1. Going through the stretch 36-50 one residue at a time, which ones are out of contact with any strand residue (DSSP E or B) (no Cβ under 8 Å at 6 or more places or on another chain) and surrounded by fewer than 17 Cβ atoms within 10 Å (Cβ to Cβ)?
2. Condition (residue is loosely packed, with under 15 Cβ neighbours inside 10 Å, modelled with pLDDT of 95 or more and over 18 Å from Leu53 (Cβ atoms)) applied to the stretch 25-33: is it met by at least one residue?
3. Can you tell me which of (1) surrounded by fewer than 17 Cβ atoms within 10 Å (Cβ to Cβ); (2) assigned to a helix (DSSP H, G or I) is the one Leu53 doesn't meet?
4. Please list, ordered by first then second residue, the pairs with beta carbon atoms under 6 Å, 6 or more apart or interchain, first in the stretch 36-48 and within 14 Å of Asp24 (Cα to Cα), second part of a strand (DSSP E or B) and of a type in the set (Lys, Arg).
5. Looking at the stretch 1-24, which of its residues are within 17 Å of Lys78 (Cα to Cα), surrounded by 16 or more Cβ atoms within 10 Å (Cβ to Cβ) and of a type in the set (A, V, I, L, M)?
6. Considering only the stretch 1-35, state which residues are without any contact (Cβ under 8 Å) to a residue 60 or more places away in the chain, in a strand (DSSP E or B) and of a type in the set (A, V, I, L, M, F, W, C).
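The values are calculated or read from the model by the stated rules, or taken from the named source; none is laboratory data. Since the model is a prediction, treat every value here as computed from it, not as a measurement. In this analysis, Cβ positions are derived from the backbone assuming ideal geometry, glycine residues included, and neighbour counts consider all displayed protein chains.
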Amino acid sequence: MTYTVEMNGAQMKFIREFFDNYEDDKVKLTLKDDSNRIKVVYTGESDLERVELENHLKTSFKTKSKYASALYYTIHVK
């Protein structure tokens, strides 16, 4: 399935460093729109349901990024 993944945060540089071209066994992200300074939009390819994908992305960032605990951000999958 193809989803739109919106990420919002004040420190998008660190979020983009992690998620640009992100791919694991459950999802592949491709940059769609980065024209806004506090929001970035990706196209996500995944077999997971929308809620499962949103939780997977949040968990991946929390466990794999050294910046996740210091940043305020939101991830929404549509």
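1. Keep residues of the stretch 36-50 that are out of contact with any strand residue (DSSP E or B) (no Cβ under 8 Å at 6 or more places or on another chain), which gives 36-37, 47-49.
Correct list: Asn36, Arg37, Asp47, Glu49.
2. yes
3. Of the numbered conditions (1) surrounded by fewer than 17 Cβ atoms within 10 Å (Cβ to Cβ); (2) assigned to a helix (DSSP H, G or I), the odd one out for Leu53 is (1).
4. Here the result reads Glu45/Lys28, each pair linking the stretch 36-48 to a residue that is part of a strand (DSSP E or B) and of a type in the set (Lys, Arg).
5. Val5, Met7
6. Across the stretch 1-35, the qualifying residues are Leu29, Leu31.
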